[in-house]
Each structure stands twice: as structure tokens, then as C-alpha cells.
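Colleague: Could you have a look at this structure, given as C-alpha cells, before my questions?
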Amino acid sequence: MFFTNPVILDPGVIIMTINEGDFIKISYTGKLEDGTIFDTTNEEVAKVHNVYNSNGRYGGDVIIIGVNQMITGLEEDIKEHEVGYKGTVTIPPEKAFGDRDPKLLRDLPLRRLEQKPQVGMMVQFEGKQAKVLKVMGRHARLDFNSPMAGQMITYDYKIEAMLEELKEKAVGLSALYMAQEMDIEIDGTVAKVNVPLEFNYSQHWLNTKAQLALDMLKYTELTEVLYVETYTEKLLKPDSEEQEQSEAEESDESESDEPEDSEELEEPGEE
């Protein structure tokens, strides 16, 4: 079990310091040396700077201190402050995304790439993302270094809150993994996670659910995690009125494709 250490400055005034194992919520914007924004929890900022992800979640991230969920330099700075702090930190490469590694440059035959590469574009290869540096005949040079590698990184951030309730922590972890707050019920030290049916079609969920459960058990007071899928006829079948309307529309479309009865098709050779 993890505890926070409140600091009492004046009667009635408590400052929550940040410690190992704490669950905190932060909002932030990360910038490169040239001012380019590469990540943010602010939806409007993301849209303006072309880093918006329609599948992402904005408004702040829940993280656990001390379990390598963020770059070293940012976590070190966070631990020097308290809940409510708002400021800026500049982080050198060795405490950010590391130095550039020449070993992560690879020349690959074009036939091994799913996309036709062009200089500057990002491509996927064996589950990893790389930037195309050159296209040389039938080969392409790919850079598997992080785009932020070798750069000084600046974060403007705010420590929004400390999460202390068990349900808050579990829901926060679900949002961290799935970019949405899942419906979770807590009964003592047992969490019942109501899984949306659409997650059945998500490879990310299939790859993630075991790790999510493990983190809930490892970093909170939970002793058991239950994943619950609830099926009803209404969820599994389309609404009858909507189905009838859809069938009617399909029928109308097929009839409109047929030639009108008033028109006679002229046989070949007739005058």
C-alpha cells in the first residue's frame, strides 16, 4: 500500500508532496528545441499544431510515480514539487529520449515494406516505426531512432491532482491504457471492469488487458480484477425499426437501377 506525505504549512493548509507509488494526474505540452510541439494533453493545442489523434484522450494523463511511465527528467522534476504546481522544465537527451544511435539506421529492400517509401515519411516495419531518410534504387534507408532522440526537450506541465480513491486509480489506469475511462465497480479489494463489446474487435485490447490487470494488482490495494462482458439481445441485434428502414432503402435502390417499363429496348437491327 502506498501513502502520500502531506506537508502542513499553516492551520488548514495542506500541501501534497509527490512520492514513489503515487497516482497523479498531469496536463502537459512537450516541445522540441525549435519549438515544435510533439505531444500535448490539450485538445485545441493538438489540433492547431497538427498532432491531434482522433483516437486519443485529452484533458490530462494519470501516471504512477516511480514505475517508468514517463521520461526520467520529467519525473525527477515532478517529484521536486507538489500538487497544484505549474511550471516548465528543459530536459537533456540523456534524461529524455536518449542520444541518436547509428545502429538504428537500416537499409532495407523496398519489397519488404508495405508502403511505397518517400523521403521524410514514417513507415512501419516489424511492429516498429521508422523515418525514411533516403530511397536508393531498390532500397530505402530507415531511421528507427525516436524523432525526439538527441534533442533537448521542454515540457510545460501542471500537476492537476493526486488520486487517492481505489476506483480513481483503477479508472485512471484504464484511461492510460485504452484512451478512455472504463466503467469499473469496486467491491472491497475486487475490481469488476465492464468491458465494452466493441473491445472484442480491438487487437490493442487483446494485447493490453493482461498488463492492465497486472498493474492494477501491483500498484493498488486490489487483490482481484474481473473482466465482465455483458450481452443482451438489443446489443447484439440492430433495432427492428432501423433494420426495416435499412431493408426498405436497399429495396428502393435496387428498383431504381431497373429500366422503366415505359421504355422499350430496341432490338439490334430494327429500324
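Colleague: Please give the peptides 206-213, 177-184 ranked by average Cβ packing (other Cβ atoms within 10 Å per residue), highest first, as a rough proxy for protection.
Modeller: Ranking, from highest mean packing down: 177-184, 206-213.
Colleague: Which ³J(HN,Hα) values in Hz, rounded to whole numbers, follow from the phi angles of region 117-134 under the Karplus curve 6.51 cos²θ - 1.76 cosθ + 1.60, where θ = phi - 60° and Gly and Pro get x?
Modeller: Running phi through 6.51 cos²θ - 1.76 cosθ + 1.60 with θ = phi - 60° gives x, 9, 4, x, 7, 9, 10, 9, 8, 6, x, 10, 9, 9, 9, 7, 8, 8 Hz.
Colleague: Along region 211-225, what does the Karplus equation 6.51 cos²θ - 1.76 cosθ + 1.60 (θ = phi - 60°) give for ³J(HN,Hα), rounded to whole Hz, x for Gly and Pro?
Modeller: Listing the rounded values in order: 5, 4, 4, 4, 5, 4, 6, 7, 10, 10, 7, 5, 10, 7, 10 Hz.
Colleague: So if I take the centroid of the Cα atoms in region 108-166 and the same for region 65-94, what is the distance between those two points in Å?
Modeller: 23 Å
Colleague: Separate question: Counting only protein heavy atoms and a 1.4 Å probe, tell me what percentage of region 31-170's accessible area is made up of carbon and sulfur.
Modeller: Carbon and sulfur atoms account for 44 percent of the accessible area of region 31-170.
Colleague: Whose amide H sits under 5 Å from the amide H of Asp183, counting only residues 5 or more places off or on another chain, with H placed in the peptide plane?
Modeller: Asn194
Colleague: Also, quick follow-up: Rank by packing, highest mean first: peptides 29-42, 163-176, with packing defined as the count of other Cβ atoms within 10 Å averaged across residues.
Modeller: 163-176, 29-42
Colleague: Let me ask you something else. For Lys158, which lysines qualify as cross-link partners when the Cα separation must be under 23 Å and same-chain residues fewer than eight apart are set aside?
Modeller: Those lysines meeting the cut-off are Lys25, Lys31, Lys47, Lys79, Lys86, Lys95, Lys167, Lys169.
Colleague: A further question on this structure: So what are the ³J(HN,Hα) numbers for region 67-82, from phi and the Karplus equation (6.51, -1.76, 1.60; θ = phi - 60°), rounded to whole Hz, Gly and Pro as x?
Modeller: Once θ is set to phi - 60°, the couplings for region 67-82 become 10, 6, 8, 8, 5, 4, x, 5, 5, 4, 5, 4, 5, 8, 10, 9 Hz.
Colleague: Hey, can you grab everything whose amide H is under 5 Å from the amide H of Met121? Only 5+ residues off in sequence or another chain; H modelled, so Pro and N-termini drop out.
Modeller: Val132
Colleague: Search the structure for amide H atoms under 5 Å from the amide H of Gly30, placed 1.01 Å from N in the peptide plane, and list their residues when 5 or more places away or on another chain.
Modeller: HN-HN under 5 Å from Gly30: Phe38, Asp39, Thr40.
Colleague: Which pairs, out of Lys128/Lys237; Lys134/Lys209; Lys209/Lys234, put more than 28 Å between their alpha-carbon atoms?
Modeller: In this structure, Lys128/Lys237; Lys134/Lys209 lie more than 28 Å apart at Cα.
Colleague: Let me ask you something else. Enumerate by residue number the chymotrypsin sites (Phe, Trp or Tyr not before Pro) in region 56-115 meeting two conditions: DSSP loop (anything except H, G, I, E, B), and at most 16 other Cβ atoms within 10 Å of the site's Cβ.
Modeller: Loop-located and lightly packed - Tyr85.
The values are calculated or read from the model by the stated rules, or taken from the named source; none is laboratory data. Every value quoted in this text rests on a predicted model; they were computed, and no experiment measured them. Every residue, glycine among them, receives a Cβ derived from its backbone with ideal geometry; neighbour counts consider all protein chains shown. Calculation scope for accessible area: heavy atoms of the full protein, side chains included, ligands and nucleic acids excluded. Shrake-Rupley method; radii C 1.70, N 1.55, O 1.52, S 1.80 Å.
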